[in-house]
1. Do you know which residues across the stretch 244-288 are touching a Cys at 6+ places or on another chain (Cβ under 9 Å), under 25 Å from T61 (Cα atoms) and small (G, A, S)?
2. Could you please give the count of residues in the stretch 176-191 that are of a type outside the set (S, T, Y), touching a residue at least 12 places away in the same chain (Cβ under 8 Å) and farther than 20 Å from Q224 by Cβ?
3. Here is a check on your reading of the model: is T60 surrounded by 15 or more Cβ atoms within 10 Å (Cβ to Cβ), touching a residue at least 60 places away in the same chain (Cβ under 8 Å) and hydroxyl-bearing (S, T, Y)?
4. Do we have L139 as buried (at least 24 other Cβ atoms within 10 Å of the Cβ), within 27 Å of P183 (Cα to Cα) and touching a residue at least 12 places away in the same chain (Cβ under 8 Å) here?
5. What are the residue pairs meeting all of these: first residue in the stretch 162-174, first residue outside any helix (DSSP H, G or I), second residue at pLDDT 95 or above and hydrophobic (A, V, I, L, M, F, W, C), Cβ atoms under 6 Å, and 6 or more apart or on different chains?
6. Report yes if G66 is among the small types (G, A, S) and at positive phi, otherwise no.
7. Which residues, counting only those in the stretch 63-73, are under 16 Å from A125 (Cβ atoms) and buried (at least 20 other Cβ atoms within 10 Å of the Cβ)?
8. Restricting to the stretch 167-179, count the residues that are small (G, A, S) and crowded, with 21+ Cβ neighbours inside 10 Å.
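The values are calculated or read from the model by the stated rules, or taken from the named source; none is laboratory data. Quantities reported herein were computed from a predicted structural model and do not represent experimental measurements. Reconstructed Cβ throughout: ideal geometry from the backbone, glycine too, with neighbour counts over all protein chains shown.
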Amino acid sequence: MPSESSRDFVQLHDLSADAILSIVDRAQILEAAWHDRAVPQNLAGKRVALIVDDGGWRNTTAFDLGIQAMGGICVHAPVRLNAAEATADLAQYLDNWFDILVVRTRELSALQELAANANAPVVNARTRSNHPCETLGDLAYVRSRRATLDGLKVVGVAPDANILRSWVEASIALPITVTQVYPADWHVRDIASPRFEASTDLDALYDADVIITDCWPEGARADQLRDYQLSASLLDSCHPDVIFLPCPPVTRGQEVSADAISHSACQSPAAKAYLLHAQNALLEWIAA
């Protein structure tokens, strides 16, 4: 049966701008509560399935920790989508036991099918097509550094991959602009957003508020991409308050140079701390 939930989080623009901003603002409060060891117990009694069939550890560990810290029950369910059981059948079985389904899987279409058939809200913990929780966490961190997200200029020196695509999703919902700077062979072409553009011109970096990267695409030659490596000297030429968020895992010597990681603009570890708080705020919003 179709989902009765209006609180799935499969793509970032599934949520309205008001909902995203309320979650981002709530993450600031939960960040302070975390450091005070006074996290509110707003998931008490909630039963959450954590389904991981595509590796990774940061955001799934943060989900596990955050659910428990907020009083919920987190169960690692060894489920695989698009495997032996039909996704529609899995949805019914999972609905018997769980209030929320947090899923990290390969195919966005499989996650969309699960959301369409489950009554429990479905949260995208990463697919190969997008990674909305990662971007939500980064937005929460950026909000902690700025009075507003309005007019934020994000430049992605990255191929068409899940991190960049979630920032493009964000530009559909929020009043931010996203520019992809990369060779044309790897431009995003299938997401329509009035505030997204793709270019090969590195000049877009010099006016950016946030710069993101992602790993070099498989099969690319170094000579094709070397000009797009983020280095300390390139960051020195950018806005003095620019926030540089290379996507972990960072491949030094490819998408970033070693000296870029030690540059003062590089704030990835601090930003990734907000992954926990943003995900906690998201789960609160879903459970409300």
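1. Going residue by residue through the stretch 244-288, those that are touching a Cys at 6+ places or on another chain (Cβ under 9 Å) are 244-247, 249-251, 254-256, 260, 265, 268, 275, 278-279, 282.
Next, from what is left, pick out any that are under 25 Å from T61 (Cα atoms): 244-247, 249-251, 268, 275, 278-279, 282.
Residues satisfying the conditions are S268, A278.
2. So the answer is 3.
3. Working: surrounded by 15 or more Cβ atoms within 10 Å (Cβ to Cβ): yes; touching a residue at least 60 places away in the same chain (Cβ under 8 Å): yes; hydroxyl-bearing (S, T, Y): yes.
So T60 passes the test.
4. Details: buried (at least 24 other Cβ atoms within 10 Å of the Cβ): yes; within 27 Å of P183 (Cα to Cα): yes; touching a residue at least 12 places away in the same chain (Cβ under 8 Å): yes.
Yes; evaluated as a whole, the condition is true for this residue.
5. Listed by first residue and then by second, the contacts come to L174/A17.
6. Numbers: among the small types (G, A, S): yes; at positive phi: no.
For G66, the condition - among the small types (G, A, S) and at positive phi - is not met.
7. F63, G66, I67, G72, listed by residue number.
8. Taking the stretch 167-179 as the starting set, the residues that turn out to be small (G, A, S) are 170-171, 173.
Filter once more, keeping what is crowded, with 21+ Cβ neighbours inside 10 Å: 170-171.
Residues meeting the conditions: 2.
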